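Novice: Quick one: the structure is below, questions incoming.
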Amino acid sequence: MNKTRAAITAVGHYVPDNIMTNADLAKIVETNDEWIKTRTGISERRILNNGEPSSFMAVEAIKMLLERRGITADELDMILVGTVTPDMLFPSTACIIQEKIGASKAWGFDVLAACSGFIFTLITGAQYIESGMCKKVLVVGSDKMSTITNFKDRNTCVLFGDGAGCVLLEPSEDPDYGIMDSILRVDGKGGKYLYMKGGGSLNPPSHETVENDWHYVFQDGKFVFKDAVKGMADVSVELMEKNNLSSDDISYLVPHQANMRILTACADRMGLPQDKVMVNIHKYGNTTAATIPLCLSEYWAEGKIKKGDNLVLSSFGAGYTWGAIWVKWAY
Ligand code: UT7
């Protein structure tokens with residue numbers, strides 16, 4: 001008997017209207033457009049208003065998805081949210097979104113895997129389709145990175161932005177389409193190079209945590225850069241070899257958008273030309289769990305993804321967490 005495969009059947013996204021350019025940042029910290037563009041590929045990023053949380057962007061992205069698919073929220077069985085910037089530590093952002101969109105029959109939870117949040121959440125959601133437990137699983141990546149970005153630290157504040165993206169998973173009508181295979185990994189030894197130290201049970205909020213900027217992202221950029229290039233490229237090539245996929249077979253690499261130089265290095269190792277790499281880093285920076293679904297939604301809307309296209313989704317982030325997924329586009 002053929003196994004039930006999970007397929008992506010709709011996509012949606014949202015970015016705030018407010019644009020922060022490299023020139024805007026150069027007024028706040030000692031940096032410049034030239035440095036940011038050549039070292040990262042970023043020209044601008046979006047910043048969400050104060051008082052609007054990650055769930056706000058998620059809900060806007062979900063509205064787009066539901067309209068495109070022609071379904072209502074009460075048809076959803078499950079809501080999974082990848083985020084490092086939940087509205088609050090609990091209840092989960094999945095519960096908050098469930099109430100806001102009126103998904104009366106859905107259950108769900110948040111997944112914490114930082115920049116790999118979307119790919120980990122996607123594979124989690126696929127299990128519920130493959131097992132037959134759910135028929136419609138909403139997978140969301142939403143991060144308001146501006147709330148944990150230290151705008152006094154030029155090493156990190158130029159990198160991040162706010163945004164959300166989502167996909168719908170349903171049983172594939174044809175088992176030759178959908179989420180075909182994945183390789184996912186974690187290595188806690190990487191924890192010390194990229195983290196947010198304050199706010200959890202180890203360092204609960206206090207005057208000390210605030211004074212020491214422990215509620216912001218810390219990153220040893222150089223170290224993470226080297227590990228990200230190797231981790232993302234190794235796992236993507238391993239997935240290709242495991243499934244006998246040549247570079248000609250692949251329509252797009254859909255990489256997490258942390259640094260343009262990482263994307264290029266990964267594509268080079270996979271033997272892919274630059275026009276087979278989905279890119280939105282120049283417009284949005286690193287939106288953490290949102291980068292990949294944002295790319296999928298924008299490229300799909302532009303008619304650049306076709307049924308049968310082979311995509312390799314690939315990511316590397318805090319934890320360390322990393323992995324790659326082979327998707328055969330189903331619609
Ligand atoms: O998404 C999760 C995973 N994260 C990543 O994959 C990010 C990985 N890391 C990176 O993308 C890069 O390491 C960064 C973009 C963060 C930094 O780029 P880099 O080429 O590794 O620069 P660097 O940290 O080695 O810094 C080079 C120089 C330093 O000056 P000196 O010591 O050479 O005088 C920095 O102080 O650039 C300086 N610098 C800046 N200059 C202008 C650092 N940040 C800035 C800045 N503007 N914003």
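The values are calculated or read from the model by the stated rules, or taken from the named source; none is laboratory data. Here the structure is a predicted model, which is why all the values come from computation and not from measurement. Because the Cβ atoms are built from the backbone with ideal geometry, glycine has one as well, and the counts that use them run over all protein chains shown. Note: accessible area is taken over every heavy atom of the protein model, side chains too, but ligands, DNA and RNA are not part of it. Shrake-Rupley method; radii C 1.70, N 1.55, O 1.52, S 1.80 Å.
Novice: Tell me, which residue of the range 107-151 that is open to solvent by 20 Å² or more (accessible area, probe 1.4 Å) and among the small types (Gly, Ala, Ser) is nearest to LEU294 (Cα to Cα)?
Specialist: Per the criteria, the residue is SER146.
Novice: Residues of the range 265-291 being surrounded by 23 or more Cβ atoms within 10 Å (Cβ to Cβ) and on the phi > 0 side of the Ramachandran plot, which ones?
Specialist: GLY285, THR288
Novice: Further, regarding this structure: Report yes if some residue within the range 297-307 is hydrophobic (A, V, I, L, M, F, W, C), crowded, with 18+ Cβ neighbours inside 10 Å and out of contact with any Leu (no Cβ under 8 Å at 6 or more places or on another chain); otherwise report no.
Specialist: For the range 297-307, residues hydrophobic (A, V, I, L, M, F, W, C), crowded, with 18+ Cβ neighbours inside 10 Å and out of contact with any Leu (no Cβ under 8 Å at 6 or more places or on another chain): present.
Novice: Please count how many residues of the range 193-233 are over 21 Å from the mean Cα position of the chain (by Cα), without any contact (Cβ under 8 Å) to a residue 24 or more places away in the chain and open to solvent by 40 Å² or more (accessible area, probe 1.4 Å).
Specialist: Summing the residues that are over 21 Å from the mean Cα position of the chain (by Cα), without any contact (Cβ under 8 Å) to a residue 24 or more places away in the chain and open to solvent by 40 Å² or more (accessible area, probe 1.4 Å) in the range 193-233 gives 13.
Novice: So in the range 1-57, with the set limited to residues that are within 21 Å of GLU302 (Cβ to Cβ) and of a type in the set (D, E, K, R), which one is most open to solvent (accessible area, probe 1.4 Å)?
Specialist: Here the residue is ASP17.
Novice: Among the residues of the range 166-186, write down those that are among the acidic types (Asp, Glu), open to solvent by less than 50 Å² (accessible area, probe 1.4 Å) and over 22 Å from MET240 (Cα atoms). Before you say what the answer is, go through the steps one by one.
Specialist: Keep residues of the range 166-186 that are among the acidic types (Asp, Glu), which gives 170, 173-174, 176, 181.
Now narrow it down to the ones that are open to solvent by less than 50 Å² (accessible area, probe 1.4 Å): 170, 181.
Result: GLU170, single match.
Novice: I'd like the full set of residues that are within 11 Å of the ligand (Cβ to nearest atom) and in a loop (DSSP other than H, G, I, E, B), limited to the range 139-160.
Specialist: ASP153, VAL158, LEU159
Novice: From the list GLY198, GLY191, GLY221, which residue is outside the structural domain of ILE42 (by TED's automatic domain parsing), farther than 30 Å from ILE8 by Cα and in contact with a Pro (Cβ under 8 Å, 6 or more places away or on another chain)?
Specialist: The match here is GLY198.
Novice: What pairs can you find where one residue is in the range 18-32 and closer than 11 Å to ILE42 by Cα, the other is within 8 Å of the ligand (Cβ to nearest atom), and their Cβ atoms are less than 6 Å apart, with a gap of 6+ or different chains?
Specialist: Correct list of pairs: ASN22/ILE36.
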